[in-house]
1. Failed condition for residue 97, given (1) touching a helix residue (DSSP H, G or I) at 6+ places or on another chain (Cβ under 6 Å); (2) farther than 19 Å from residue 24 by Cβ; (3) surrounded by fewer than 17 Cβ atoms within 10 Å (Cβ to Cβ), with all others met?
2. Considering each residue of segment 19-51, count those that are under 20 Å from residue 82 (Cβ atoms) and in contact (Cβ under 8 Å) with a residue 12 or more places away in the chain, and give that number.
3. Would you mind stating whether residue 27 is assigned to a helix (DSSP H, G or I), surrounded by 15 or more Cβ atoms within 10 Å (Cβ to Cβ) and in contact with a strand residue (DSSP E or B) (Cβ under 7 Å, 6 or more places away or on another chain)?
């Protein structure tokens, strides 16, 4: 596998690992690698930003509402400039989400 493909997959692994360890700093840095600053994020959550900042806000809320949130990567496939991650996400809903 080429270095680019391995690197692309590593970004996704780093993002999910940060989610599992509840590390908002790494989540924020990783979303900056994944999303353009002006990317429009469609979510039912009220976010006051776009791009990486919007995704960081979404995940901050998810981690508050699901304190034991865990992402298990089932499949991670990379080809050209695309990465697909099939995940099982578990967690206990303990707060207000919307």
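1. (2)
2. 10
3. Details: assigned to a helix (DSSP H, G or I): yes; surrounded by 15 or more Cβ atoms within 10 Å (Cβ to Cβ): yes; in contact with a strand residue (DSSP E or B) (Cβ under 7 Å, 6 or more places away or on another chain): no.
Judged against the criteria, residue 27 is not a match.
Yes/no per residue for (1) surrounded by 11 or more Cβ atoms within 10 Å (Cβ to Cβ); (2) modelled with pLDDT under 95:
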| site | (1), (2) |
| --- | --- |
| 9 | yes, no |
| 15 | yes, no |
| 18 | yes, no |
| 22 | yes, no |
| 46 | no, yes |
| 49 | yes, yes |
| 69 | yes, no |
| 75 | no, no |
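The values are calculated or read from the model by the stated rules, or taken from the named source; none is laboratory data. If you're wondering where the values come from, they're calculated on a predicted model, not measured in any experiment. All Cβ positions, glycine included, derive from the backbone under ideal geometry; neighbour counts span all protein chains shown.
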